[in-house]
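Notes for the one structure printed next.
The values are calculated or read from the model by the stated rules, or taken from the named source; none is laboratory data. Predicted model only: the values in this text are computed from it and were never measured. Positions of Cβ are generated from backbone atoms using ideal geometry, with glycine treated the same way; all protein chains shown enter the neighbour counts.
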C-alpha cells in the first residue's frame with residue numbers, strides 16, 4: 001500500500017505542477033494525435049498495395065499499433081521521466097536529497113517524476129486497441145484480458161529494469177543521458 005500512497009502523492013504533486021502550464025496538455029495531445037495519424041497513414045500506404053503483411057491483416061496490425069501506443073505511454077508516464085531524473089540528479093549532485101527520505105530510495109527515485117500528459121498516449125492506445133478488436137469482431141474474455149494485462153506488466157518490469165541498469169551507469173560515467181534516449185528510440 002505504501003507504493004500506491006506514494007504514487008498518488010507524486011501524481012498529485014506533478015499534476016499540480018503541470019496544470020500551471022495547460023498549453024502543454026494541448027501540445028501533448030497534438031503530438032500524440034500526429035504520431036497516431038502518421039502511423040495509420042503509413043499502414044494505409046502499405047495496405048493499399050497488399051491485403052496482408054507477413055500474413056497479418058490490416059486490423060491485426062492495428063492491434064499492434066494500439067499496443068505500441070499503450071506501452072509507449074506507460075514508459076513515458078513513469079519509467080523514462082524517473083530514470084532521466086535519476087541521471088540528472090547524479091550528475092547535478094542532488095540525489096542525496098532523495099536518498100535521505102524515509103522511504104525506499106529506489107522507489108522514490110523511480111516514481112518521483114511523473115509525466116501526467118503522457119496519459120494521452122495510453123488513452124489513444126486503448127482506443128486504437130478497442131477499435132481494432134471491434135473491427136476484427138473478436139471477443140476478449142476475462143482470462144485473455146488478465147493474461148494481456150499480466151504480459152503488459154511483465155514487459156513494463158523488463159523495460160524498467162533495462163532503464164534502471166542504464167541509468168545506474170551515471171554513477172560511473174558523467175554523461176549518459178544519450179544512452180537513455182537511444183534506448184527509448186529502440
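Residues of the stretch 35-69 that are in a loop (DSSP other than H, G, I, E, B) and within 23 Å of residue 126 (Cβ to Cβ): 57 alone.
Of 126, 134, all but one fail to be surrounded by 14 or more Cβ atoms within 10 Å (Cβ to Cβ) and modelled with pLDDT of 90 or more; the exception is 126.
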